[in-house]
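Engineer: If you scroll down you'll find the structure; I have some questions about it.
The values are calculated or read from the model by the stated rules, or taken from the named source; none is laboratory data. None of these values were measured; they are calculated from a predicted model. Neighbour counts run over all protein chains shown; Cβ positions are idealised from the backbone, glycine included. Heads up: the accessible areas ignore ligands, DNA and RNA and are worked out on the full protein's heavy atoms, side chains in. Shrake-Rupley method; radii C 1.70, N 1.55, O 1.52, S 1.80 Å.
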Amino acid sequence: MTEADVITRKGDRVKEEAEDLPLVKTGIEGLDEIIGGFIRGRTYLVAGETGTGKTLFSLSFLVYGAMNGEPGVYLLVDEDYDDLIRGARAFGWDLEYLVKNDLLSVLTLLPDFPERVRKKSVDTIVNSIVSSIEEEVARLNAQRLVIDPVAPLVVGETDLVRVREYIRNLVITIEKELGTTTIITSEVPTGSNQLSRFGVEEFLAAGVIVLGLQRVGNKFYRTMFIRKMRWRPVQPAIYYFDIVPGRGIVVKGPAK
């Protein structure tokens with residue numbers, strides 16, 4: 001057997017394994033036609049500056065799942081529960097209906113969360129968070145999870161090495177213990193070319209989608225940069241999208 005034969009066989013095996021990976025639809029109009037869907041049980045990063053649509057992307061993912069037999073859990077980190085419900089209702093989504101019918105669970109951090117975990121080990125903090133989510137995942141038989149955003153869970157930690165260890169443990173533990181298809185959102189500084197807040201999320205995620213704004217003359221266009229889709233035959237590309245009440249994120253086409 002030649003070296004070329006070995007390389008070819010390895011390539012065929014990887015291709016077969018990739019084709020066998022189960023996919024779930026994101027529910028984002030126009031996106032599934034491009035990427036095929038998310039790999040079930042893996043974690044995806046949705047990043048972008050403030051106001052670019054990260055929360056609406058996440059809710060589109062959860063609402064679609066809830067209405068198609070895949071209940072979800074939403075860990076709401078830096079917004080008030082009632083504000084979320086009112087905002088979603090005004091947008092055209094009745095999240096209370098989904099909650100009451102056990103199609104969605106919205107979790108919020110306790111006000112004293114930072115104090116409770118202060119000086120605790122990374123493993124202890126991660127296990128505490130995952131344990132709380134796990135109860136709701138089991139109750140609903142949830143298939144989808146959103147953490148929006150991930151940064152506040154670091155609770156003021158200033159040591160970048162520790163922060164990265166924390167996020168790494170969180171992602172790995174969620175995939176191992178919960179098995180949900182997960183979106184984590186990360187806000188990047190305005191004007192930055194970063195893909196995430198701490199520079200580690202994009203390496204852990206199976207896919208990275210960056211939302212942004214593009215100025216053309218006096219007009220602004222919403223953009224979606226598909227930066228990474230592991231094990232998927234998807235080329236990095238930028239697309240325009242709209243935010244449509246009642247429908248969420250709607251991908252229109254390639255950016256010019």
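For (1) assigned to a strand (DSSP E or B); (2) without any contact (Cβ under 8 Å) to a residue 40 or more places away in the chain; (3) open to solvent by 40 Å² or more (accessible area, probe 1.4 Å), each residue gets a yes or a no:
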{"position": "Ile226", "(1), (2), (3)": "yes, no, no"}
{"position": "Trp231", "(1), (2), (3)": "no, no, yes"}
{"position": "Val234", "(1), (2), (3)": "no, no, no"}
{"position": "Ile238", "(1), (2), (3)": "yes, yes, yes"}
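Engineer: While we're on this one: Is there any pair with a first residue in segment 29-48 that is without any contact (Cβ under 8 Å) to a residue 12 or more places away in the chain and a second that is of a type outside the set (Asp, Glu) and open to solvent by less than 20 Å² (accessible area, probe 1.4 Å) whose Cβ atoms are under 7 Å apart and which are 6 or more apart or on different chains, and what are they?
Structural biologist: Once the first residue is without any contact (Cβ under 8 Å) to a residue 12 or more places away in the chain and sits in segment 29-48, its partners that are of a type outside the set (Asp, Glu) and open to solvent by less than 20 Å² (accessible area, probe 1.4 Å) give Asp32/Thr26.
Engineer: Can you tell me how many residues in segment 40-70 are farther than 25 Å from Pro189 by Cβ and of a type in the set (A, V, I, L, M)?
Structural biologist: 4
Engineer: Go over the candidates Thr50, Thr26 one by one and state the one that is crowded, with 20+ Cβ neighbours inside 10 Å and either in a loop (DSSP other than H, G, I, E, B) or not hydrophobic (A, V, I, L, M, F, W, C) (or both).
Structural biologist: Thr26
The rows are residues; the columns are (1) at pLDDT 80 or above; (2) more than 30 Å from Val99 (Cα to Cα); (3) among the polar types (S, T, N, Q); (4) open to solvent by 30 Å² or more (accessible area, probe 1.4 Å).
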{"site": "Pro152", "(1), (2), (3), (4)": "no, no, no, yes"}
{"site": "Ile167", "(1), (2), (3), (4)": "no, no, no, no"}
{"site": "Gly191", "(1), (2), (3), (4)": "no, yes, no, yes"}
{"site": "Gly199", "(1), (2), (3), (4)": "no, yes, no, no"}
{"site": "Ala206", "(1), (2), (3), (4)": "yes, no, no, no"}
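Engineer: Also, quick follow-up: Every residue in segment 57-81 that is modelled with pLDDT of 95 or more and in a helix (DSSP H, G or I), please.
Structural biologist: Within segment 57-81, Phe57, Ser58, Leu59, Ser60, Phe61, Leu62, Val63, Tyr64, Gly65, Ala66 qualify.
Engineer: Return a yes/no flag: does segment 69-77 have any residue that is open to solvent by 10 Å² or more (accessible area, probe 1.4 Å), closer than 24 Å to Val250 by Cβ and in contact with a Phe, Trp or Tyr (Cβ under 6 Å, 6 or more places away or on another chain).
Structural biologist: Within segment 69-77, not a single residue is open to solvent by 10 Å² or more (accessible area, probe 1.4 Å), closer than 24 Å to Val250 by Cβ and in contact with a Phe, Trp or Tyr (Cβ under 6 Å, 6 or more places away or on another chain).
Engineer: Same structure, new question: Of the conditions (1) crowded, with 18+ Cβ neighbours inside 10 Å; (2) part of a strand (DSSP E or B), Gly253 satisfies every one except a single condition; which number is it?
Structural biologist: (1)
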